[in-house]
Amino acid sequence: MDDLLAARSQMAMSLAFHIVFAAIGIAMPLLMIIAEWKWLRSKDEIYLTLAQRWAKGTAILFAVGAVSGTVLSFELGLLWPHFMGYAGAIIGMPFSLEGFAFFTEAIFLGIYLYGWKRVPPRAHLFAGVMVAISGALSGIFVVIANAWMNAPTGFRLVEGKPVDIDPIAAMMNPAALPQTIHMTLAAYAATGFVVAGIHAFMLRRDPENRFHQAALAIALTVGGVSAILQPLSGDFLAKRVAVTQPVKLAAFEGQFQTQQSAPLRIGGVPDENARVTRYAIEVPYALSILAYGDPNATVKGLNDFPADQHPPIAIVHIAFQIMVACGVAMMLVALWAAWRYLRGRRDYRWLNSKWLLRTLIAAAPLGFIAIETGWVVTEVGRQPWIIYGVMRTHEAVTPMPGLIVPFLTFTVLYIFLALVTVWLLLRQVAASPKDPEPQTQESRVAA
Amino acid sequence: MPLETIIAGVMVAALVLYALLGGADYGGGVWDLFAFGPRARDQRALIAHAIGPVWEANHVWLILVVVILFTAFPPAFAVIATSLHIPITLLLIGIVLRGTAFTFRTYDVQRDEVQRRWSLVFSIASIITPILLGTTLGAIASGDIRVENGLLTSGFLKPWLAPFPLAVGFFALALFAFLAAVYLTVEAQAGQLQEDFRLRALAAGVVVGLLALIVFVLAGSGAPTVRAGISRSSWALGLHILTAISAISTFVTLLRKRYRAARVFAAAQVTLILLGWAFAQFPYLVEPDIHITFAAAPKITLQLLLAALVAGALLLFPSYYYLFRIFKTE
């Protein structure tokens, strides 16, 4: 493994690890404050227990997310010093704002987790709202910086150097809005589905348990609404990619030939030597319609771009197919659940379906599979560039030799952390409360 | 005052706050390892109680320092991250293990042997991380990171694997342990536990003094420019006197059991030490090749960053005050 590949692997591994915790850190506070708000409104202790148990899981996940995020902020320089030296002045701004959002998140999370008995209920709920808002903003600011790498704006190149820098224009880059919407919805959808799946599993073992019914309902509402909206945001983003990174769009679709009225390929395996995508189901005109809103539009194929600007086509195409498949499946599950909900909402009758619960258990990991493959799509799809059209990834890497050592070290460390985290969460989940347990849960933590 | 100097000042302020708040959290980990005697369990519980609600917020000061550095002074960040790749990577491993072990300990089974295992990881990481942080700062001050035409010429080991930066590492560790012990005397409120941390604070204070002397001597060959700044500049004498007054006052107030006053003097002492270093190194971000003016981002970036820092501070300080009022007043 050469140093460039080791650096890319370390960055990819660090991001793939962190994004799970980041997405949960964005979405869990929303679930917690919904439960807490329902408790304040109904005085039903089951919602308080729910908020407190979710908070415990979130505390563990947030700590891992906070430290793995710190690692990433340093890794930008440790692995890609030339990128940061070049781009810091242009895209440091969203990172600075993210710093304050993260600050707010950490402060109010401390109050939320440890303050159950120290602040009045409304102040406690307010702390939760602040965590939810600042968590979402943290994610949005980081994604804005990533969007700039896909669609760099806010500077002019003169002899290879950026001049006339405008950090605001850089933040307003054309990829920023669709990417931030897509990622934020993804965080809510993925987390909502995992949590719903866990409680569906517990309901299968312990039917009619109101605690798990209430939990499932909240998680699936957040996850389901996001999953139904997500295809729309995906379409918005893909149309933007078609304009800003046409070579990436061609890789998504395995589109080798430039083609008028291009079909949408579902599945299939791109053969980079033969320059065709085999075994795909082709929907006539659909790609031209989806990308440009016109059945006769021409989609530029990979063959019309210089070969040294192609991303790894098979990886990007297959990752894109998996992401879309997961997203569509989640949308269908959400629609089914919504239909059942509308027909029988009283006493959680809509949850009295063995098959709905089984499907929710099976669908639990889909959101995170979609998030991971989605990041493969956007990051590998941008290669060979680190800043699209401006700086190549190999130009950005550190001269430090032996990068395989930190790559392997962090891989082992993160595998260990993942195992411990899963083990601790399983222990939290295993106990299924039958009766409300008022004010006992948090006393150990608060004491 | 030029914009880049103001922003560098904010960066130093954030670093001071990281030392005073986040540093003390590491110091807490040190005392977790050295908890002994009949009240060892109570000492650990007090430390966990003190750190629990605030360590994540305190940790963000470091992120703020890094973000300001790479936004306002991108070439300085690139050079530091390249030449100090090894100690920074080790520092990150320490940060990861410290934070996660502390949280895992809080939420894992409350059986003794499980708790002890996480305590060990937490406390050892709390010791190693400050040493690496101090070593990194010592290397930046040493003058041994050299750049020619944008290329690093001093390699990946020489700037930090040397007596001076490593001594600064141990100095940082001692300062953090000292701060934590002084703060914990206030948190303990009364009784034998308070006495335990008073003795620890006094012992750590002596170690701080010894290590300060060692660092100063080693700076003669290890960081000559910065030492010249500390020894000869016009402001230096005043700063030394203030630092000495703070140090002596911390001792006196600890001996007289005036804990709240001791906390103020200890914090002042650490602040003055960091300011002394910052003034001595000015106007270089990395001695002697990265000058603050030449490394600064374009004016528009600095203006926007300063605006963001001011707006952020308006949000941050009330929130921070609220957090500390909830958990740090009894």
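The values are calculated or read from the model by the stated rules, or taken from the named source; none is laboratory data. These numbers come from a predicted model, not from an experiment. All Cβ positions, even for glycine, are placed from backbone atoms using ideal geometry, and neighbour counts span all protein chains on display.
Among A:Pro81, A:Pro162, which is the only one that is crowded, with 23+ Cβ neighbours inside 10 Å and within 10 Å of chain B (Cβ to nearest Cβ)?
Working: A:Pro162 fails: crowded, with 23+ Cβ neighbours inside 10 Å.
Checking each option against the conditions leaves just A:Pro81.
Quick one: which helices (runs of 4 or more DSSP H) lie wholly within region B:210-324 and hold at least 1 residues that are at pLDDT 95 or above and of a type outside the set (Phe, Trp, Tyr)? Break it down into steps so the answer makes sense when it comes.
On the way: elements: B:224-232, B:236-255, B:259-281, B:292-295.
By residue number, B:236-255, B:259-281.
Having 1 or more residues that are of a type in the set (Val, Ile, Thr) and either in contact with a Lys or Arg (Cβ under 9 Å, 6 or more places away or on another chain) or at the interface with chain A (Cβ under 7 Å from one of its Cβ atoms) (or both) is the bar; report the helices (runs of 4 or more DSSP H) wholly within region B:32-99 that clear it.
Working: elements: B:40-51, B:55-72, B:74-83.
The helices (runs of 4 or more DSSP H) meeting that bar are B:55-72, B:74-83.
I want to confirm something. Restricting to region B:106-162 and keeping residues that are part of a helix (DSSP H, G or I), of a type in the set (D, E, K, R) and more than 14 Å from every other protein chain (Cβ to nearest Cβ), which single residue is farthest from A:Pro401 (Cα to Cα)?
Residue satisfying both the conditions and the ranking: B:Asp112.
Restricting to region A:115-125, what's the tally of residues that are over 14 Å from A:Lys38 (Cα atoms) and either touching a residue at least 60 places away in the same chain (Cβ under 8 Å) or of a type outside the set (A, V, I, L, M) (or both)?
Initial filter on region A:115-125 (over 14 Å from A:Lys38 (Cα atoms)): A:115-120, A:123.
This time we only want the ones that are either touching a residue at least 60 places away in the same chain (Cβ under 8 Å) or of a type outside the set (A, V, I, L, M) (or both), so: A:115-118, A:120.
Result for region A:115-125: 5.
Filter region B:43-100 for residues that are of a type in the set (Ser, Thr, Tyr) and out of contact with any strand residue (DSSP E or B) (no Cβ under 9 Å at 6 or more places or on another chain) and give the result.
B:Thr71, B:Thr89, B:Thr100
In the list A:Ile46, A:Ile60, A:Ile90, which residue meets the criterion of being at the interface with chain B (Cβ under 10 Å from one of its Cβ atoms), of a type in the set (Val, Ile, Thr) and over 23 Å from the mean Cα position of the chain (by Cα)?
On the way: A:Ile46 fails: at the interface with chain B (Cβ under 10 Å from one of its Cβ atoms); A:Ile60 fails: over 23 Å from the mean Cα position of the chain (by Cα).
Exactly one of A:Ile46, A:Ile60, A:Ile90 is at the interface with chain B (Cβ under 10 Å from one of its Cβ atoms), of a type in the set (Val, Ile, Thr) and over 23 Å from the mean Cα position of the chain (by Cα), namely A:Ile90.
Mind checking whether some residue in region B:281-299 is basic (Lys, Arg) and within 21 Å of the chain's Cα centre (by Cα)? Give the derivation first.
Step one: filter region B:281-299 for residues basic (Lys, Arg), giving B:299.
Next cut, within 21 Å of the chain's Cα centre (by Cα) only: none.
No: region B:281-299 contains no residue that is basic (Lys, Arg) and within 21 Å of the chain's Cα centre (by Cα).
Can you tell me which residue within region A:222-276, out of those that are more than 25 Å from A:Met330 (Cβ to Cβ) and of a type in the set (Val, Ile, Thr), is modelled with the lowest pLDDT?
A:Val276
(1) crowded, with 24+ Cβ neighbours inside 10 Å; (2) within 25 Å of A:Phe21 (Cα to Cα): which one isn't true of B:Pro87, the others all being true?
(2)
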